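Read the structure below first, then the notes.
The values are calculated or read from the model by the stated rules, or taken from the named source; none is laboratory data. Computed from a prediction, not measured in an experiment: that's the story for all the values here. So basically every Cβ, Gly included, is an ideal-geometry build from the backbone, and we count neighbours across all protein chains shown. These accessible areas exclude ligands, DNA and RNA; they are computed on the full protein's heavy atoms, side chains included. Shrake-Rupley method; radii C 1.70, N 1.55, O 1.52, S 1.80 Å.
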Amino acid sequence: MLPSKFDQKKVPPETQSDPDVSQVVLTSERRRSSSSSSSDHVHISAVLVSRSDASVVVRASGKRRTRAPLATAAVNQRSPAVNSRALFSRLTASVALTLFTRSTFTHKHHGISGADTSSAAFTPITIQCESENQTRTFTSVTVNNSAVTTTTDNDRHKHSRISDVEQLLFPASPCVAPERRRVVLLFCPPADRPEAERGAVTMATKVGDDPDSLMSLCTVFCLKNLRRTMCYSDGERNRLHLRPDVFLPSEICDRLVNVYMDLVHTDSDFEPQDGFFQLFGDPRSTRLTRLQLREDLVRDRDLEAIGKQDLIELHLTYCNRLTARGLRTLCSFRHSLLSLSLFGCSIIFFKKGAAPLAYGEDDDDEDLEERLHRHTVDLDFSFQGFNRLRLLNLGGLPVEVDVETLLRPLPALTSLDLSGVHLPRPAFLTQWKERLASLVLYNVELTEDLIHTLLQMSRLRHLDVSRENQRTSKFKMTRKTLSSIVQSLVNLVSLDISGHIMLDNCTVPAFEDAVGRPSIEPCKSSIYPFQELKRPLQFLGLYNTTLCNVTHIPAYKVTGSKNEDQILNAIEAYTEQRPELAHRAINQLFDIARIQHCSQLLRALQLVITALKTHKYDKSIQVTGSAALFYLTNTEYRSDQSVRLRRQVIQVVLNGMEQYQEVTVQRNCCLTLCNFSIPEELEFQYRRVNLLLLKILEPARQDESIQRIAVHLCNALVCQVDNDHKEAVGKMGFVKTMLNLIQKKLQDKMCDQVMEFSWSALWNITDETPDNCQMFLECKGMNLFLECLKEFPDKQELHRNMLGLLGNVAEVKALRPQLLTKQFITVFSDLLDSKADGIEVSYNACGVLSHIMFDGPEVWTMEEPLRTSVMKKMWDAIQSWDVNSRRNINYRSFEPILRLLPQSGAPVSQHWATWALYNLVSVYPSKYCPLLIKEGGIILLQKVLELESSHQETKDMARKVMEQCENFKEDPMDTSRDTFVFMRRTLRGSPTTHVCHVTLQ
């Protein structure tokens, strides 16, 4: 239950637990009269404004939070908000709450008092206050700089205290009790205000980093957990059914279906549910009004399942599994449908030459061309009865369909898209000349007859006669033609003539074009025909024309290729239904990001992400988009990108890797992932990215550059994660994949970055993970170790990586007996004398032997080499090392070293461990002194001093370590979970992550 009264001084619980909301906006209370009982009390506990989706969250007594659009015109008894009907059913007509998108509201209320002024630069608030005996009207109440300014028609007052405002708002009145007068006002400025003005009251978060709305989170959760939330499945067929107690309004149903489609196309972990559309078959429990369905997921049976719904909008895009059966289903919506799009749904107008398909049958195995040949046009379908239809998109209509006959029964069209449609007799369009406001004829061959028809469409506000390219067009856009369009279509606010051949006489001379600053005034236009415009156009498409290069263009938004703004406008305008143009524009954006500087980074990223999501199966978009993302996410732009935006980039990159095995896409995607902090930024998709990288490395002969980048990423992904992650990746086949790569390089007698990265990755993934160490031994890893030593005796970094890995294996007591062979011990012993990579190879070899020696003489069953002789070589090697050597190693835990200290069976192991600690705390005191103290190393070193078996030299070194830590002044080194929550048990003894220098080709 909510509290009966809101505490003005405290931030409400909603704002503490829900980061999606900016602040409390309104708290109000009212009674029908001052003497009414508590049962008549209507209490609006809080209204919260969401920054992420421009919505309002409302809480009332006994009610759960409800989210409604912030643009809701009014909320009262007669005009309830769409999502708040039940919440406000008890409010009377005298109480109205109006919320506008720019954070301005009007509130009629019995008794309002006070305004909280804890923050500066808030938006003006208009309040009208009424009581039963008197009315005081204030033009505005402005909260600014910790002061409240009230304005009436006659005067203006400035107050710095809430009590002053309360006294002015409500003079003493017996009808309005003080306890009934309560409102707390806190507003965030609107999103379209300058950043400098918003900074005073908004958190310092990056653009686009707001959390998901409550509605979005709940929708996705329900879709991923249908059987746990609103559905159940029958026992036999396991089909989904809606629970009998669930009733969903249209806003919820529309969102469920549309988000479902998005998840199917963008979330690889989301499994499509068979029979999903059947959940919305009964309009008594579910209501659908606006749907956007795309691509081959939609079948005839899905449309039939929702045939009883009163759809207002239905947009079908590239739904090539729909046939004439689905077309006939559209007739079920003819009485309600206002907007219909069948863009790219060419199959829907065909039926099989034989008997029609029975319900549930599909010809899924046929490709598009085969089905077109085997089907005939459905001549029975007609738009007869679609009297309410206003918007129609038939882009891509097959040439076999007579468009004139098809459209004749539609009397009320105001918007028509006939992209790519053959129009042999365009005069039929004049039947809508008094109604049609928008006409799209993209990739329609212009003729004199068509131009003549267009000039009669006097009501047109948007005309699109653009083309994909100039080569396929015989029509030339002359100055006369363009002037006729401007003169005849006086209501035009949007025009697209992209892709047309323009004659030179359309533009002013170059010297005149260069005069003055760029202007959008028609009278200054560099394009002669547009000088006759009465006002600048809202949109002008000039992409792939010479006109986009002029200086003075009378339009607020222009598509073209002259500059970044025109290119971004082109991507935005053409992504949805013209991927061929979007592909070119993204390629031009790629050149800007690569050679110049992208000034509209956030917009560019969002547009490329949208294009990649929308055209997941378009290879050209995936190639150019992934290449552009590589440059748009590099270090130069990184500071401006939010966490959410970068996650979206990662998701579309992984989608591309998943969909295409083609070399260019794989290379671009892998390179883009290198721009992220690994593993931190990839951890939310950790399993998926590892599976994709391992899949890339599976082929016997992969592209060399992709192989190098993929191994580098694999290495980085296991470098700083907890053991659970490492074990999970090991079970995916990580160890075997790396060993296979090493085997291939051995066969080629090549020691390159792939070879070194593979051993480095094995070093990382075996750290404190016994299962992965065992996998290494079971997959014949020791044989490959010996072969690499023999084949590449001078590769120092390779030796260091291999010995580091074997150090991890030696730490596992159960596996050490497999290392205790004459061959292996001899190799380790010989490597003690190595000077490769400073002391690293010798140090790691001694570490392996130290763990073996720690098990005592009883496990040493070999006659040769003798245990004593190996121990002597270990002593000699340690003596030869410079204690001040800088190390190419990174310890995050001393636990494997510390376990060698309190023992008497192998003094040389104890000495190696003490030397290691002394070296690290001496060279890197600020990093390793706190770590040693934290892990109890001082106590163990004290025990070394107390042991009689400890050598004097070891004791002396132990004292120096303790003194170093004692003298160290506390310097913060955060190894806690608070700093790196992903590190449960952090990496020990791993090499620093290699930097992979790669270029995009």
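Observations on the structure shown:
- Residue check, Glu662 acidic (Asp, Glu), at pLDDT below 90, within 21 Å of Glu295 (Cβ to Cβ) and more than 20 Å from the chain's Cα centre (by Cα): yes
- Sole exception among (1) outside any loop (DSSP other than H, G, I, E, B); (2) touching a helix residue (DSSP H, G or I) at 6+ places or on another chain (Cβ under 7 Å) for Thr551, by number: (1)
- Filtered by the rule that a residue be open to solvent by less than 10 Å² (accessible area, probe 1.4 Å) and free of Cβ contacts under 8 Å to residues at least 60 places away in the same chain, the range 286-317 gives Thr286, Leu288, Leu291, Leu293, Val298, Leu303, Ile306, Gln309, Leu311, Leu314, Leu316.
- Taking the range 717-739 as the range and being of a type outside the set (Val, Ile, Thr), closer than 14 Å to Ser758 by Cα and in a helix (DSSP H, G or I) as the test, the residues that pass are Leu717, Gly730, Phe734, Lys736, Met738, Leu739.
- Failed condition for Cys714, given (1) open to solvent by 10 Å² or more (accessible area, probe 1.4 Å); (2) in a helix (DSSP H, G or I): (1)
- Comparison of Leu932, Leu898 shows that the only residue that is at pLDDT 85 or above, under 30 Å from Glu683 (Cα atoms) and touching a Leu at 6+ places or on another chain (Cβ under 8 Å) is Leu932.
- The residue of the range 693-711 that is surrounded by the most Cβ atoms within 10 Å (Cβ to Cβ), among those that are assigned to a helix (DSSP H, G or I) and among the hydrophobic types (A, V, I, L, M, F, W, C), is Ala710.
- Residues in the range 264-289 that are within 27 Å of Lys351 (Cα to Cα) and modelled with pLDDT of 90 or more: Phe276, Phe277, Gln278, Phe280, Gly281.
- The residues in the range 842-860 that are in contact with a Leu (Cβ under 8 Å, 6 or more places away or on another chain) and assigned to a loop (DSSP other than H, G, I, E, B) can be counted, and the count is 1.
- Pair list, Cβ < 7 Å and 6+ apart or interchain, from the range 569-597 residues that are farther than 20 Å from Asn469 by Cα to residues that are crowded, with 24+ Cβ neighbours inside 10 Å and of a type in the set (Ser, Thr, Tyr): Phe590/Thr624
- With respect to the conditions (1) touching a residue at least 60 places away in the same chain (Cβ under 8 Å); (2) assigned to a loop (DSSP other than H, G, I, E, B); (3) surrounded by 14 or more Cβ atoms within 10 Å (Cβ to Cβ), Glu251 lacks only one, and its number is (2).
- Criterion applied to Ala604, Ala582 was being crowded, with 21+ Cβ neighbours inside 10 Å, over 30 Å from Lys476 (Cα atoms), within 21 Å of the chain's Cα centre (by Cα) and of a type in the set (Gly, Ala, Ser), and the one residue passing it is Ala604.
- Scanning the range 883-918 for residues that are over 17 Å from Met853 (Cα atoms), under 45 Å from the mean Cα position of the chain (by Cα) and not in a loop (DSSP other than H, G, I, E, B) yields Asn890, Glu895, Leu917.
- Verdict on Gly275 being more than 19 Å from the chain's Cα centre (by Cα), within 17 Å of Arg301 (Cα to Cα) and part of a loop (DSSP other than H, G, I, E, B): yes
- Selection from the range 794-816 of residues that are in contact (Cβ under 8 Å) with a residue 60 or more places away in the chain, in contact with an Asp or Glu (Cβ under 6 Å, 6 or more places away or on another chain) and either surrounded by fewer than 24 Cβ atoms within 10 Å (Cβ to Cβ) or farther than 25 Å from Lys749 by Cβ (or both): Asn808
- Among the residues making up the range 494-535, those that are over 27 Å from Leu446 (Cβ atoms) and either open to solvent by 60 Å² or more (accessible area, probe 1.4 Å) or touching a helix residue (DSSP H, G or I) at 6+ places or on another chain (Cβ under 9 Å) (or both) are Ala510, Phe511, Glu512, Ala514, Val515, Gly516, Arg517, Pro518, Glu521, Cys523, Lys524.
- Candidates Asp449, Asp464: the one that is surrounded by 17 or more Cβ atoms within 10 Å (Cβ to Cβ) and not basic (Lys, Arg) is Asp464.
- In the set (1) open to solvent by less than 60 Å² (accessible area, probe 1.4 Å); (2) over 22 Å from Phe630 (Cα atoms); (3) touching a strand residue (DSSP E or B) at 6+ places or on another chain (Cβ under 8 Å), Tyr556 fails one condition alone, (1).
- For the range 609-646, the set of residues classified as part of a helix (DSSP H, G or I), exposed (fewer than 15 other Cβ atoms within 10 Å of the Cβ) and within 16 Å of the chain's Cα centre (by Cα) consists of Arg638, Val643, listed by residue number.
- Contact map, the range 234-248: first residue farther than 15 Å from Gly275 by Cβ, second residue among the polar types (S, T, N, Q) and at pLDDT 90 or above, Cβ cut-off under 6 Å, separation 6 or more or different chains; pairs are Phe247/Ser285; Leu248/Thr286.
Residue by residue, here is whether (1) outside any helix (DSSP H, G or I); (2) more than 30 Å from the chain's Cα centre (by Cα) holds:
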residue: Asn675; (1), (2): yes, no
residue: Leu682; (1), (2): no, no
residue: Leu762; (1), (2): no, yes
residue: Asp767; (1), (2): yes, yes
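- Single residue of the range 817-876 satisfying the filter (acidic (Asp, Glu) and surrounded by 15 or more Cβ atoms within 10 Å (Cβ to Cβ)) that is farthest from the chain's Cα centre (by Cα): Asp855
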